[in-house]
Structure formats: structure tokens, C-alpha cells
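Undergrad: First, the structure itself, so that you have it in front of you.
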Amino acid sequence: EYTPMEKDVLVMMQEQIFKACGENDRAEYGKKLLEYLSEQLTAEFGKGFDKSNLRKMRQFYCTFPIRDTLCPELTGRIIVLMRINDEQARTFYMEECAKAAWSVRQLERQINTMYYQRILANQDKTAI
């Protein structure tokens, strides 16, 4: 468990890492940067900072730049929500998930059956 100050430092470091990695993290310099950061963070803070986790952290940072908007009910569902590229669809699923207390399986089922798109299609039909 980290102290509040350590958590603040981690958040600041993560933001800097994600900005530094940018979209080019697969380029040669990006790979070396990720390797370097992974080694340094692991030495400083222990497990959990391998390259794949750093990429996931960056994806989280890019998907949810305003982290204050996330509600605690979505914990455990964030990984599933990050896979949704359409921001409006992701917001819809976030709201519905929180309201209806969907499990991860229920959320995945709703996404896989295109629930959001079906709702939109029904709204279009009723407008006619």
C-alpha cells in the first residue's frame, strides 16, 4: 500500500510516461524508452510495471483523460470499456453499466450484441 504522497508521485510519473511514449511507442526509440521506464519503475516500486502494463496504463490515460468522471461501480469493467473506440458508445455503456449494476459478463454481452447500436436504431424508427 502506498502513502498518499507516493500515489501522487506515481500518478505524475504515469502522466509523464504516457506523454513521453506517445503514439510511437512501437518505434525503436519508444521500445527502448518503455524498456528503460519498465526497469526503473520496477526497481523503484516493485512488480506491475512491465512493458505491457505500461501500454495498458497509457491506453487507460488516453481513454479516460478526466479520471474524476469514473465512478467506483465501474471498477473491474474498465478494461472492457477501454476496448470501445466510439466515445459516445463507451459513455453509453458506462452509464448503463453503473445504473443497472452490470457484471463484466453482462457488459461484454451487451457490447457483443451491439446493444447501443440497437437502441439507436430503435430511436430512429420511432422518430419516423
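The values are calculated or read from the model by the stated rules, or taken from the named source; none is laboratory data. Quick caveat: nothing in here was measured; it's all calculated off a predicted structure. Heads up, the Cβs are rebuilt from the backbone with ideal geometry, glycines too, and the neighbour counts pull from every protein chain shown. Note: areas computed on protein heavy atoms with side chains; ligands, DNA, RNA excluded. Shrake-Rupley method; radii C 1.70, N 1.55, O 1.52, S 1.80 Å.
Undergrad: Could you compute how much accessible surface Lys32 exposes when probed at 1.4 Å, giving the result in Å² to the nearest 10?
TA: My reading of the accessible area for Lys32 is about 120 Å².
Undergrad: While we're on this one: Go through the range 113-121 residue by residue and turn each phi into a ³J(HN,Hα) via Karplus (6.51, -1.76, 1.60, θ = phi - 60°); whole Hz please, and just put x for glycine and proline.
TA: 8, 6, 3, 4, 5, 5, 4, 4, 5
Undergrad: Which shape class, rounded, prolate or oblate, goes with the range 77-128 when its Cα gyration tensor gives a ≥ b ≥ c as root eigenvalues, a/c under 1.5 marks rounded, and past that a/b bigger than b/c marks prolate?
TA: Prolate, because a/c is 1.5 or more and a/b exceeds b/c.
Undergrad: In the range 34-106, how does Rg compare with the Kirkwood Rh, expressed as the Rg/Rh ratio over alpha carbon atoms?
TA: Ratio of gyration radius to Kirkwood radius for the range 34-106: 1.06.
Undergrad: How many nm separate the modelled label positions at Gln88 and Glu39, each set 7 Å beyond the Cα in the direction of the Cβ?
TA: 4.7
Undergrad: Sticking with this one: Please give the length that would be gained between Ile119 and Lys51 if that part of the chain were fully extended, namely 0.36 nm times their separation in residues minus their C-alpha to C-alpha distance (nm, one decimal).
TA: Using 0.36 nm per residue and subtracting the Cα-Cα distance, I get 20.7 nm.
Undergrad: Roughly how big is the range 77-128's charge dipole about its Cα centre, with Cβ charges of +1 (Lys, Arg) and -1 (Asp, Glu), in debye to the nearest 20? Let's see the in-between values first.
TA: Numbers: 8 positive and 6 negative charges, 42 e Å.
Here the range 77-128 has a charge dipole of around 200 debye.
Undergrad: Once the piece of chain linking Gln106 and Cys62 is laid out straight, how much longer is it, given 0.36 nm per residue of separation minus the C-alpha distance between them?
TA: 13.4 nm
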